[in-house]
Amino acid sequence: MSSSSSAQCPGDELKSARLIGVPVREGDQNLFLRLGLDPQVTALVGDGTPWSRERAVNRFRGGLAACEEGTAMWWVLYQRPATNHENLDDFVGFLVTELNDDEVELGIWLAPSHWSQGYASEVVHSVVPLLHIRFPDAQVVGYVAERHHASHRMLAAAGFRPDGQRTGRYGDTVIRHVHPRHSAG
Ligand SMILES: CC(C)(COP(=O)(O)OP(=O)(O)OC[C@H]1O[C@@H](n2cnc3c(N)ncnc32)[C@H](O)[C@@H]1OP(=O)(O)O)[C@@H](O)C(=O)NCCC(=O)NCCS
């Protein structure tokens, strides 16, 4: 893992109708902490417990390292037109995609002030074709806590299909969703 101050995710900007995704760079850590340290945001993520600062920093740094290794793509999401990286008014959230063995897992975290406006469905729909191209041999998947209705609906809106229950990383029950390759585009 690189520890240079210029570390950043390689890759292109991502655009949907109302959002622009800018590849994550090291300086975005504080933006990530705004979400990772908000118990409302993490309530239905992983084990649902509030995150410590150390856990959030490690998650961010791990993601950045995976980006640099070519096994992840992370974007910071801003409302269009995004004037610059520093404008907090435009900040919407993070879209994270990570390759694990034969599947690329998608996750999305939005600031609560931007929930329920269709942003997540919109940008997930936009990123899926890119994931099929970038990781052609991997299944594009999402794992969602059983009771996380917004996420289930978001993935359904983006063309994912439920693929049954799994045991999550924390021993919880999650639903695996898969995006069929033939419906990408
Ligand atoms: C989950 C999350 C990304 C959804 O983002 P969003 O922009 O609010 O979602 P959308 O507005 O695109 O809505 C997606 C669907 O969920 C529904 N929805 C939105 N908020 C909801 C809620 N609180 N309860 C139930 N359904 C909800 C919408 O109606 C929509 O369904 P529809 O297409 O059938 O109408 C957002 O709530 C979030 O960032 N949560 C915290 C982090 C998190 O849990 N991430 C997902 C981990 S798997």
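The values are calculated or read from the model by the stated rules, or taken from the named source; none is laboratory data. These numbers were taken from a predicted model, which means no experiment stands behind them. Cβ coordinates were reconstructed from backbone atoms using ideal geometry, including for glycine residues, and neighbour counts include every protein chain displayed.
Tabulated data
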item: Evaluation of Asp163 against (1) within 26 Å of Gln40 (Cα to Cα); (2) of a type outside the set (A, V, I, L, M); (3) more than 8 Å from the ligand (Cβ to nearest atom); (4) touching a residue at least 12 places away in the same chain (Cβ under 8 Å) (one fails), failing number; result: (1)
item: Within region 145-185, considering residues that are assigned to a helix (DSSP H, G or I) and surrounded by fewer than 17 Cβ atoms within 10 Å (Cβ to Cβ), the one modelled with the lowest pLDDT; result: Ser183
item: Unmet requirement for Val127, which otherwise passes all of (1) over 15 Å from Thr97 (Cα atoms); (2) at pLDDT 95 or above; result: (1)
item: Test: Ala120 is among the hydrophobic types (A, V, I, L, M, F, W, C) and farther than 24 Å from Thr71 by Cβ; result: no
item: Hey, Thr83 modelled with pLDDT under 95, more than 25 Å from Arg18 (Cα to Cα) and among the β-branched types (Val, Ile, Thr) or not; result: no
item: Pick from region 18-30, criterion more than 13 Å from the ligand (Cβ to nearest atom) and surrounded by 19 or more Cβ atoms within 10 Å (Cβ to Cβ), ranking: farthest from Leu77 (Cα to Cα); result: Asp28
item: Test: residue in region 125-144 that is of a type in the set (Asp, Glu) and outside any loop (DSSP other than H, G, I, E, B); result: no
item: Pairs, first at negative phi in region 102-116, second part of a helix (DSSP H, G or I) and surrounded by fewer than 18 Cβ atoms within 10 Å (Cβ to Cβ), C-beta under 6 Å, six or more apart; result: Pro112/Gln40
item: Breaking point among (1) in a helix (DSSP H, G or I); (2) in contact (Cβ under 8 Å) with a residue 40 or more places away in the chain; (3) closer than 16 Å to Arg18 by Cβ; (4) near the ligand (Cβ under 9 Å from one of its atoms), for Ala120; result: (2)
item: Any hit, region 33-40, residues being within 13 Å of the ligand (Cβ to nearest atom) and of a type in the set (Asp, Glu); result: yes
item: Residue list for region 107-117, restricted to those being part of a loop (DSSP other than H, G, I, E, B) and more than 9 Å from the ligand (Cβ to nearest atom); result: none
